[in-house]
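Trainee: Here you go, one structure.
The values are calculated or read from the model by the stated rules, or taken from the named source; none is laboratory data. Everything quoted here is computed from the prediction, not taken from an experiment. Because the Cβ atoms are built from the backbone with ideal geometry, glycine has one as well, and the counts that use them run over all protein chains shown. For accessibility, only protein heavy atoms count, side chains too; no ligands or nucleic acids. Shrake-Rupley method; radii C 1.70, N 1.55, O 1.52, S 1.80 Å.
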Amino acid sequence: TTMAMREFFVKLGVSLPLDLPVHLVDPGALNERRQRCDTPDDDNGYHGAPHIHCMGLTLSEERTTVVRRAGGLGFGGSTEVVSKTSDVTAVLVLRGLPRLLFCSVLAHECGHAHFKLQGFHKMALKTEEGLCQLLAYLWLRQEGHCRADGERERERLYHMNKIFEDSSEVYGAGFRAAFEAHERYGISRVLGHASLCGELPE
């Protein structure tokens, strides 16, 4: 499944590391880790599904290298940030999910991982979650090319409609804005613009 997900992202022009740390966890462990984060967009590196329905979580750490320069005669001086790097420490996905739901959650979380690892410009929560929901939706959509029985196809369409019709501002409206940008410009330009500017192209 992880290999298939990596191939899917490659088709989108997105590279994922071979050693991306994906872990299956029980609901208790997932919710506990979620509750240890202060807010959804803080610097603790939390990214995931809405609190009540948390099915995935991406954890990351940011390292900042600072150079301190002394002033004349040892007084004053200045500091300069010379580099910032982010590491994804874990991608957590709820254990026991049906395959289609599991893969859509994994696609969402891989989006967060990619943004962190590639140093995307800081995005509003609505923009980032909307893009990750777009990736989940595109994964479900491409699964339609596979031969499937009627029940599996109904399940696939159900999850796609659930994403599209989500009434929440962050995940629902965020997705629909990202989807509109994708339909207008394509995924490469949307992600490229988000990387540089931290927002969707208009």
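Trainee: May I ask you to give the percent of accessible area on segment 93-167 that is carbon plus sulfur, with a probe radius of 1.4 Å?
Mentor: 50 percent
Trainee: Sticking with this structure for a sec: For E80, E143, E153, E165, give me the order by solvent-accessible area with a 1.4 Å probe, most accessible first, ignoring ligands, DNA and RNA.
Mentor: E165, E80, E153, E143
Trainee: Let me ask another. In whole Å, what is the distance between the alpha-carbon centres of segment 178-197 and segment 93-161?
Mentor: Cα centroid of segment 178-197 versus Cα centroid of segment 93-161: 16 Å apart.
Trainee: Given a Förster distance of 41 angstrom, what is the FRET efficiency for F164 paired with E61, based on the Cβ-Cβ distance and rounded to 0.05?
Mentor: So, using R0 = 41 Å, E works out to roughly 0.75.
Trainee: Check the straight Cα-Cα distances from K122 and name the lysines below 17 Å, setting aside those fewer than 8 residues away within the same chain.
Mentor: K84
Trainee: At 4 °C and 1.567 mPa s, what whole-number value in µm²/s does Stokes-Einstein give for the translational diffusion of segment 87-202, with Rh from the Kirkwood sum over Cα pairs?
Mentor: 89 µm²/s
Trainee: Under a 1.4 Å probe, what is the accessible area of segment 139-202 per residue, stated in Å²?
Mentor: Roughly 62 Å² per residue, with all protein chains present.
Trainee: Between E80 and A173, what FRET efficiency comes out of the Förster formula 1/(1 + (r/R0)^6) with R0 = 30 Å and r the beta carbon distance, rounded to 0.05?
Mentor: Calculated transfer efficiency: 0.15.
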